[in-house]
Amino acid sequence: MLNPRLAGYIRRNGWIVERLRGDPILDPTIGQQVMQWHEARGGRPFTGAQLCSGQRAVVCGNCGNTLKGSVDTGCKVIHYEDGKPTRRYCCSKDNGGCGRIIADQRVLDKHVKAIVIKVLSDPEHMDQIKRRAQQEAKARAPIEAEIARLEGLRAF
Ligand SMILES: [Zn+2]
């Protein structure tokens, strides 16, 4: 019931990124209510929604190891103002790191978002993206022409 695909959503690295085509098995509104209920019910929180771990990793400035995201649990948990338990990124010794770096998830995510916005807002970067898209379109043109030719043959 917690899989967002049932409600027609695709989640990657903990983030809802896209809608599936077609009719979902579960009404999207009910799906959102189920996920909100699960998040609010207490117990061990969902750990997958962390921007800077996994494939979009941030590395430790001390040893270069990938930071690992975690949720604070237990009876001495500090909560954010919205009532959710604090989350952090750490350079874990269990993961081969130095164990000396810990960052609050929301603080680090805020800095990473600001950097991403700055990079994507750069006009030179936009020109690079446009040039790359033009190169890829040029490389795809013969393949698309062949697909169109084959689809024309199939019509008969
Ligand atoms: Zn480290």
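Read-outs: derived from the displayed coordinates by stated rules, not from any lab. Computed from a predicted structure; not experimentally measured. Ideal geometry is used to build each Cβ from the backbone, glycine not excepted, and the neighbour counts take in all protein chains shown.
Structural remarks
- Fraction of alpha-carbon pairs over 22 Å apart in the chain - percent: 64 percent
- Taking every C-alpha pair closer than 8 Å and separated by at least 6 residues, the mean separation divided by the residue count of the chain gives a relative contact order of 12 percent.
- Exposed trypsin sites (Lys or Arg not before Pro) absent - longest run of the chain, DSSP non-H/G/I/E/B, at most 12 other C-beta within 10 Å: 101-156
- All lysines inside 19 Å of K110 as judged from Cα atoms, apart from same-chain residues fewer than 8 positions distant: K68, K84, K118
- Reachable lysines, given that their alpha-carbon falls under 27 Å from the alpha-carbon of K138 and they are not under 8 places away in the same chain: K130
- Between N62 and R19, the distance separating the two model label sites (each 7 Å from Cα on the Cα→Cβ line) works out to 4.6 nm.
- Nearest-0.05 FRET efficiency for V107 and L2, computed from C-beta distance (R0 30 Å): 0.65
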